[in-house]
């Protein structure tokens with residue numbers, strides 16, 4: 001469902017007082033007051049006195065001032081109420097905007113799709129890589145290694161990418177987001193992660209936790225809503241089991257280094273979960289509250305149906321001649337799996353360094369829910385001459 005953000009109605013300000021309407025009214029009122037003074041003035045009482053002329057002039061002035069004053073007071077009350085309601089609405093809108101823009105600060109990211117090592121090529125105008133749609137693609141080193149060595153190899157690849165950033169840290173939380181088969185071997189993953197990362201940062205204290213990759217959206221939502229000062233490495237992976245069997249997804253992995261409060265970083269913003277029917281309203285909220293719609297020019301899609309990806313592009317840009325760029329990852333990466341959403345976010349953040357916000361959309365296997373998440377890519381890597 002879209003976020004529970006209330007729909008604020010437009011504040012109606014009172015119409016300005018129209019002098020064109022009120023001048024005839026005041027003139028008629030003044031005339032009536034004059035006539036009343038003349039009619040009620042006692043017979044035989046002189047009319048050339050100050051009392052008579054003061055009453056004749058003062059009565060219409062007092063009547064007009066009283067009637068117009070009541071109207072002006074009522075108008076000012078309505079104007080004040082509208083201004084206060086408008087300020088309150090702006091305050092609530094800003095609070096919801098801050099709520100929607102809560103994010104994880106990502107200082108490092110790495111994508112490891114089995115289909116290719118050329119992640120940077122995803123940032124081109126067209127993804128010119130071999131089409132492997134509906135294929136379950138393994139890592140090219142799968143056949144030569146058992147499960148233990150395969151896990152260790154993947155963890156070593158990730159450790160190599162983040163070694164410099166991890167050194168100097170005293171405490172690191174490692175969160176493993178795994179497919180169901182790998183999660184059943186969670187203890188082995190934990191021990192190997194402890195061994196691999198402990199070898200590159202021997203003085204750091206590691207806390208390693210494992211959970212399903214399909215719970216990533218709920219996990220991100222919880223993380224953005226809590227104060228967490230710890231350095232955290234999130235590793236999402238989907239690996240084939242060692243035994244023979246149906247290969248329901250392509251292998252792949254992604255890693256994110258989260259450093260709360262980092263200044264030069266990318267971001268994973270609060271995600272949204274919905275359905276095909278709520279897609280348009282959900283994207284409208286993302287465009288209005290989380291980021292401006294004209295900045296979402298790239299859509300990364302995995303695990304979604306073709307009509308859903310088309311609907312996403314249409315909802316983002318109303319002009320058919322200026323549609324957002326669509327990145328259909330399944331055609332290159334093969335069959336999506338439990339961690340494909342994480343992999344798509346990592347590819348978008350790594351391939352589009354220095355670019356504006358990106359929208360990532362994915363559906364997890366055997367799920368009706370559609371996940372939408374805005375990410376802000378990492379800044380360009382600094383180079384030394």
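The values are calculated or read from the model by the stated rules, or taken from the named source; none is laboratory data. As the structure is a computational prediction, the values presented were derived from the model and not from experiment. Because the Cβ atoms are built from the backbone with ideal geometry, glycine has one as well, and the counts that use them run over all protein chains shown.
Please pick out the residue among 280, 259 that is at pLDDT 85 or above and touching a strand residue (DSSP E or B) at 6+ places or on another chain (Cβ under 6 Å). Show your work before the answer.
On the way: 280 fails: touching a strand residue (DSSP E or B) at 6+ places or on another chain (Cβ under 6 Å).
Answer to the selection: 259.
Of the conditions (1) modelled with pLDDT of 80 or more; (2) farther than 30 Å from residue 221 by Cα; (3) touching a helix residue (DSSP H, G or I) at 6+ places or on another chain (Cβ under 7 Å), residue 66 fails just one. Which one is it?
It is condition (3) that residue 66 fails.
Considering only the stretch 119-142, state which residues are free of Cβ contacts under 8 Å to residues at least 24 places away in the same chain and closer than 21 Å to residue 241 by Cα.
141
Look through 297, 327 and report the one residue that is surrounded by fewer than 20 Cβ atoms within 10 Å (Cβ to Cβ) and in contact with a strand residue (DSSP E or B) (Cβ under 7 Å, 6 or more places away or on another chain).
From the options 297, 327, the qualifying one is 297.
Can you spot a residue in the stretch 216-230 that is over 30 Å from residue 7 (Cα atoms), part of a strand (DSSP E or B) and in contact with a strand residue (DSSP E or B) (Cβ under 8 Å, 6 or more places away or on another chain)?
no
Can you report the number of residues in the stretch 192-206 which are farther than 26 Å from residue 146 by Cβ and without any contact (Cβ under 8 Å) to a residue 24 or more places away in the chain? Give the steps one after another, and end with the answer.
If we filter the stretch 192-206 for residues that are farther than 26 Å from residue 146 by Cβ, which is where we start, we get 201-205.
Imposing the further condition that a residue be without any contact (Cβ under 8 Å) to a residue 24 or more places away in the chain reduces the set to 202.
Here the count works out to 1.
What are the residues in the stretch 164-179 that are surrounded by 14 or more Cβ atoms within 10 Å (Cβ to Cβ) and either outside any loop (DSSP other than H, G, I, E, B) or more than 32 Å from the chain's Cα centre (by Cα) (or both), if any?
Correct list: 165, 166, 172, 173, 174, 175, 176, 177, 178.
Counting only residues that are touching a residue at least 24 places away in the same chain (Cβ under 8 Å) and surrounded by 12 or more Cβ atoms within 10 Å (Cβ to Cβ), which one in the stretch 26-53 is farthest from residue 74 (Cα to Cα)?
Selected residue: 34.
Do you know which residues across the stretch 314-329 are part of a helix (DSSP H, G or I) and more than 20 Å from the chain's Cα centre (by Cα)?
Going through the stretch 314-329, the residues part of a helix (DSSP H, G or I) turn out to be 314-316, 320-322.
The answer is 320, 321, 322.
Working only within the stretch 254-287, note down all residues that are in contact with a helix residue (DSSP H, G or I) (Cβ under 7 Å, 6 or more places away or on another chain), under 17 Å from residue 371 (Cα atoms) and assigned to a strand (DSSP E or B).
268, 269, 272, 273, 274
Any residue at all in the stretch 88-96 that is surrounded by fewer than 18 Cβ atoms within 10 Å (Cβ to Cβ), closer than 25 Å to residue 375 by Cα and touching a residue at least 40 places away in the same chain (Cβ under 8 Å)?
Yes; the residues of the stretch 88-96 include at least one that is surrounded by fewer than 18 Cβ atoms within 10 Å (Cβ to Cβ), closer than 25 Å to residue 375 by Cα and touching a residue at least 40 places away in the same chain (Cβ under 8 Å).
Need the failing condition index for residue 311 against (1) in contact with a strand residue (DSSP E or B) (Cβ under 9 Å, 6 or more places away or on another chain); (2) touching a residue at least 24 places away in the same chain (Cβ under 8 Å); (3) not in a loop (DSSP other than H, G, I, E, B), just the number.
Checking residue 311 against (1) in contact with a strand residue (DSSP E or B) (Cβ under 9 Å, 6 or more places away or on another chain); (2) touching a residue at least 24 places away in the same chain (Cβ under 8 Å); (3) not in a loop (DSSP other than H, G, I, E, B), the one that fails is (1).
Kindly indicate whether any position in the stretch 109-116 is assigned to a helix (DSSP H, G or I) and within 26 Å of residue 372 (Cβ to Cβ). If you could, list the steps in order and put the result at the bottom.
Going residue by residue through the stretch 109-116, those that are assigned to a helix (DSSP H, G or I) are none.
Checked the stretch 109-116: no residue is assigned to a helix (DSSP H, G or I) and within 26 Å of residue 372 (Cβ to Cβ).
Could you list, in sequence order, the residues of the stretch 84-118 that are modelled with pLDDT of 90 or more and more than 22 Å from the chain's Cα centre (by Cα)?
84, 85, 86, 87, 88, 112, 113, 114
Evaluate the stretch 234-252: report whether one residue or more is assigned by TED's automatic domain parsing to the domain that holds residue 368, assigned to a helix (DSSP H, G or I) and either within 30 Å of residue 313 (Cβ to Cβ) or in contact with a helix residue (DSSP H, G or I) (Cβ under 7 Å, 6 or more places away or on another chain) (or both).
no
Within the stretch 330-358, how many residues are surrounded by fewer than 24 Cβ atoms within 10 Å (Cβ to Cβ) and either modelled with pLDDT of 95 or more or part of a loop (DSSP other than H, G, I, E, B) (or both)?
7
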